[in-house]
1. Could you tell me whether any residue of the stretch 23-33 is assigned to a strand (DSSP E or B), touching a His at 6+ places or on another chain (Cβ under 6 Å) and under 20 Å from Met78 (Cα atoms)?
2. So, Arg72, is that one assigned to a helix (DSSP H, G or I), surrounded by 13 or more Cβ atoms within 10 Å (Cβ to Cβ) and charged (D, E, K, R) or not?
3. For residues that are in contact with a Phe, Trp or Tyr (Cβ under 7 Å, 6 or more places away or on another chain) and under 17 Å from Ile19 (Cβ atoms), scanning just the stretch 33-54, find the one that is surrounded by the most Cβ atoms within 10 Å (Cβ to Cβ).
4. Considering only the stretch 9-28, how many residues are over 11 Å from the mean Cα position of the chain (by Cα) and either of a type in the set (A, V, I, L, M, F, W, C) or modelled with pLDDT under 95 (or both)?
Amino acid sequence: MAGPVRTADLPPIMATAHIDDTQYGIERDVPDGLCIRSSGQGWRVYLLDRGQHTEERSFSSENDACVYFLLRALELFMRKPLRGAGEADGDR
C-alpha cells in the first residue's frame with residue numbers, strides 16, 4: 001500500500017500529467033495558478049487570480065491537501081490524456 005502524498009511528490013506527478021510548472025506553485029504563489037502552502041494550522045490550496053486568493057480550501061493534513069491539489073490541477077490544466085495502462089510508447 002502506498003504511503004501518504006507529500007508536496008515533494010507533486011512535481012513528478014504534475015509532469016506526468018503534462019501540467020507546466022508555470023501553472024502551479026508549491027510553497028509559493030504563481031500568478032493565475034493553483035497554489036499549495038503550509039500554514040500554522042495545516043495546509044491551504046487556492047487559486048491565485050489577479051492577486052486574490054480564490055477557491056481557498058484548508059486541510060489539517062498534508063496528504064489531504066495534496067490529493068485535493070492534484071485533483072483540482074487535473075480539472076484545470078490537464079491538456080494531454082494520460083497514457084493508458086496497456087499502451088506502449090509506440091502506441092501513441
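The values are calculated or read from the model by the stated rules, or taken from the named source; none is laboratory data. From a predicted model like this one, the values you see are computed outputs, not experimental measurements. Neighbour counts are summed over all protein chains in view; Cβ atoms, including those assigned to glycine, are modelled from backbone coordinates with ideal geometry.
1. no
2. For Arg72, the condition - assigned to a helix (DSSP H, G or I), surrounded by 13 or more Cβ atoms within 10 Å (Cβ to Cβ) and charged (D, E, K, R) - is met.
3. My answer is Ile36.
4. Number of matching residues: 3.
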